[in-house]
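To start, the structure under review is shown below, and the notes come after it.
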Amino acid sequence: MDLHQKQTYFNELAPRWDQLPAPPDAPAKIARFVARCLSGSPGRVLDVGCGTGILLEYVEASGASPGEFVELDLAEAMLQENRKKPCATLAAHVCGEAQRPPFRQGAFDRVICFNALPHLVPIDHSLRQMFDCLCSDGLLAVGHLMSSGELNQFHSTIGGAVGEDRLPSAGDLAALLARMGAEVVCQEEEAGWYLVQARRP
């Protein structure tokens, strides 16, 4: 599946994305992800694969005060839905590829990627690009509302543009980040939860 086909898929899905079924405990888990990843003074934050902006209201509710918050997504229609949210003024919206982010190296204090990494193929390259966007001592966080096994099975049943999109296990992702020179802060994976955090030394 090439990038253009994936872009078309998500553009077409964008108007109904927020109405798709979600686990009943999704709000609590999203709040947990935001609290874990944007605690303290998060500084400049990049949200990669932001989609319709499901994190924004949780960032606002958390009391976190990013110095800058950038929403990056490949699909312009996703960003259009994102901009409609009442808290969208928290963020700047940029249409671009995670594989070639339009930012200088070291531009952000925190880079977050929630419910998006399997779509950012090739994952190792996209992860390297995200890591390179971090400044020294910056923190990268990858999160999901499912374990890798649950998510990969789910994608295989959907088929189409995302049928082959796979999330590495938390252990494999942590190992990949370590090979890039990252300091792995945590790797957590269980049914209904996935979180890997790594710091740039």
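No value in this document is a laboratory result; all are computed from the given coordinates. Source: prediction; values computed, not measured. Cβ atoms come from the backbone with ideal geometry, glycine included; neighbour counts cover every protein chain shown.
Pull up the DSSP beta bridges for the chain and report the antiparallel fraction as a percent, rounded to 5.
On the way: 13 of 31 bridges.
Around 40 percent antiparallel, to the nearest 5.
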Q | Low-density loop positions, trypsin sites (Lys or Arg not before Pro), region 89-159 - DSSP coil, at most 12 other Cβ in 10 Å | A | Arg104
Q: With an 8 Å cut-off on Cα pairs and a minimum separation of 6 or more residues, tell me the relative contact order of the chain in percent.
A: 18 percent
Q. Calculated from the structure, Cα Rg over 2.2 N^0.38 Å equals which of (i) 0.99; (ii) 0.93; (iii) 1.15?
A. (ii)
Q: Only residues of region 42-64 count here: report those whose backbone N is under 11 Å from the spot 7 Å along Cα→Cβ of Cys87, or say none.
A: 54-64
Q.
5 Å is the cut-off here: which amide hydrogens, built 1.01 Å from N in the peptide plane, fall below it relative to Ala182, excluding neighbours closer than 5 in sequence?
A. none
Q: Alpha carbons only, please: Rg and Dmax for region 141-191, in angstrom.
A: 12.3, 36
Q.
Can you tell me the length gained on complete extension of the stretch Glu12 to Ala26, counting 0.36 nm per residue apart and subtracting the Cα distance?
A. 2.7 nm
